[in-house]
Amino acid sequence: MEKIPMTPSGHAALEAELKQLKSVERPAIIQAIAEAREHGDLSENAEYHSAREKQSFIEGRIKELESVLSLADVIDPAKLSGSIKFGARVTVVDEDTDEEKTWRIVGEHEANIENGLLNIKSPIARALIGKDEGDSVEVNTPGGLKSYEILSIEYS
């Protein structure tokens with residue numbers, strides 16, 4: 001299996017979610033199933049079916065997180081420098097609109113574009129990898145061709 005790159009903060013967030021699911025969510029749903037069983041006929045018991053569905057989701061998410069964490073390759077961006085690579089915080093300016101954006105290039109399991117966390121497999125991240133400050137990149141996005149100039153690169 002291929003290693004999954006992630007930042008230390010992304011790894012910690014996934015571990016925290018796994019701990020929450022195992023120590024809080026799982027016991028709570030087991031209790032909810034037990035209470036629903038006490039209500040009698042399971043074939044028409046909506047609480048029971050809802051609890052079982054939620055249990056299935058929780059168990060699936062636990063398996064997924066355990067798998068991802070077992071393949072995690074934690075990369076500390078603070079130890080990196082130079083051209084853009086995994087973990088870089090990149091500030092760019094859209095050459096058409098002069099709008100500045102700052103993204104951090106992270107692994108796919110911690111990506112969240114609304115929070116400025118850009119998936120390393122995204123078209124924008126792939127275009128930025130290997131570039132330096134002052135370089136221009138063109139990216140084919142769902143909204144059309146975009147041109148960005150790289151203003152700064154930080155590793156922290």
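Give the residue, chosen from 96, 76, that is under 22 Å from residue 144 (Cα atoms) and open to solvent by 40 Å² or more (accessible area, probe 1.4 Å).
Working: 76 fails: under 22 Å from residue 144 (Cα atoms).
That would be 96, the only listed residue that is under 22 Å from residue 144 (Cα atoms) and open to solvent by 40 Å² or more (accessible area, probe 1.4 Å).
In this structure, is residue 63 open to solvent by 70 Å² or more (accessible area, probe 1.4 Å), at pLDDT below 95 and closer than 22 Å to residue 1 by Cα?
On the way: open to solvent by 70 Å² or more (accessible area, probe 1.4 Å): yes; at pLDDT below 95: no; closer than 22 Å to residue 1 by Cα: yes.
Answer is no for this residue.
Go through segment 14-64 and give me each residue that's among the aliphatic types (A, V, I, L, M) and free of Cβ contacts under 8 Å to residues at least 12 places away in the same chain.
Matches in segment 14-64: 16, 24, 28, 34, 42, 46.
Hey, any hits in segment 17-33 for a residue that's under 30 Å from residue 149 (Cα atoms), out of contact with any strand residue (DSSP E or B) (no Cβ under 7 Å at 6 or more places or on another chain) and open to solvent by 50 Å² or more (accessible area, probe 1.4 Å)? So that I can check it myself, show each step before the final result.
Within segment 17-33, the first condition is being under 30 Å from residue 149 (Cα atoms), and the residues that meet it are none.
No, segment 17-33 contains no residue that is under 30 Å from residue 149 (Cα atoms), out of contact with any strand residue (DSSP E or B) (no Cβ under 7 Å at 6 or more places or on another chain) and open to solvent by 50 Å² or more (accessible area, probe 1.4 Å).
Right, residue 109: in contact with a helix residue (DSSP H, G or I) (Cβ under 6 Å, 6 or more places away or on another chain) and surrounded by 11 or more Cβ atoms within 10 Å (Cβ to Cβ) or not? Step through it out loud before you land on a result.
On the way: in contact with a helix residue (DSSP H, G or I) (Cβ under 6 Å, 6 or more places away or on another chain): yes; surrounded by 11 or more Cβ atoms within 10 Å (Cβ to Cβ): yes.
Spelling it out, residue 109 is indeed in contact with a helix residue (DSSP H, G or I) (Cβ under 6 Å, 6 or more places away or on another chain) and surrounded by 11 or more Cβ atoms within 10 Å (Cβ to Cβ).
Say whether the condition of being at pLDDT 90 or above, surrounded by 12 or more Cβ atoms within 10 Å (Cβ to Cβ), among the aliphatic types (A, V, I, L, M) and in contact with a strand residue (DSSP E or B) (Cβ under 7 Å, 6 or more places away or on another chain) is met by at least one residue in segment 1-13.
yes
Specify the residue that is farthest from the chain's Cα centre (by Cα); the eligible residues are those in segment 121-137 that are in contact (Cβ under 8 Å) with a residue 24 or more places away in the chain and in a loop (DSSP other than H, G, I, E, B).
132
The values are calculated or read from the model by the stated rules, or taken from the named source; none is laboratory data. All figures in this text were calculated on a predicted structure; none of them were measured in a lab. Note that we place each Cβ from the backbone using ideal geometry, even for glycine, and neighbour counts take in every protein chain shown. Quick note on the areas: whole protein, heavy atoms, side chains included, nothing else; ligands and nucleic acids left out. Shrake-Rupley method; radii C 1.70, N 1.55, O 1.52, S 1.80 Å.
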